[in-house]
Amino acid sequence: MNRLNPFQMTYPLMPEEAPMTTTMPNYVQRVTEDLAARLPDCDAELLDLYALLALAYGTETTLKQVHEAWAIWRNRSNPAHKSLVPFDELTPEVQEYDRKYALAIHEAAKAVA
């Protein structure tokens with residue numbers, strides 16, 4: 001009787017192990033690339049956080065959420081930054097700094113929906 005040895009058998013690759021056969025960006029890359037085009041001076045790690053907001057909250061992303069993402073990012077490089085306070089403690093003028101980022105997040109979310 002001819003038995004198969006499971007250690008000598010060749011198994012197909014699981015989808016997550018298979019080599020990429022396409023150069024199309026995945027959905028996370030599409031959001032991040034869209035944000036990078038809209039916010040060219042934005043740090044890549046901050047763009048990742050903004051991409052998370054775009055994917056999780058889309059056009060409902062708030063200025064407060066944008067500030068919280070920025071605060072997490074800024075805390076790594078400058079934990080003493082004067083704007084590292086809760087959003088509600090910022091002056092209205094400083095809160096408005098987050099508007100262009102919120103709008104970019106909204107637009108990126110719509111573009112990849």
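Please treat every number below as a calculation from the coordinates, not as lab data. Computed from a predicted structure; not experimentally measured. Please note: Cβ atoms are built from the backbone with ideal geometry, for glycine as well, and neighbour counts cover all protein chains shown.
Tell me, which residue of the stretch 75-113 that is part of a loop (DSSP other than H, G, I, E, B) and in contact (Cβ under 8 Å) with a residue 24 or more places away in the chain is farthest from the chain's Cα centre (by Cα)?
First, the residues of the stretch 75-113 that are part of a loop (DSSP other than H, G, I, E, B): 78-86, 90-91, 97-98, 113.
Pick out the ones that are also in contact (Cβ under 8 Å) with a residue 24 or more places away in the chain and you get 98, 113.
On the way: D98: 16, A113: 15 Å.
Residue satisfying both the conditions and the ranking: D98.
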Filter the stretch 49-66 for residues that are surrounded by fewer than 17 Cβ atoms within 10 Å (Cβ to Cβ) and of a type outside the set (A, V, I, L, M) and give the result. Y57, G58, T59, E60, T62, K64
Pairs, please: C-beta under 7 Å, at least 6 apart or cross-chain, first residue part of a helix (DSSP H, G or I) and in the stretch 44-57, second among the small types (G, A, S) and crowded, with 16+ Cβ neighbours inside 10 Å? L47/A36; L49/A69; Y50/A69; L53/A69; A54/A108; A54/A109
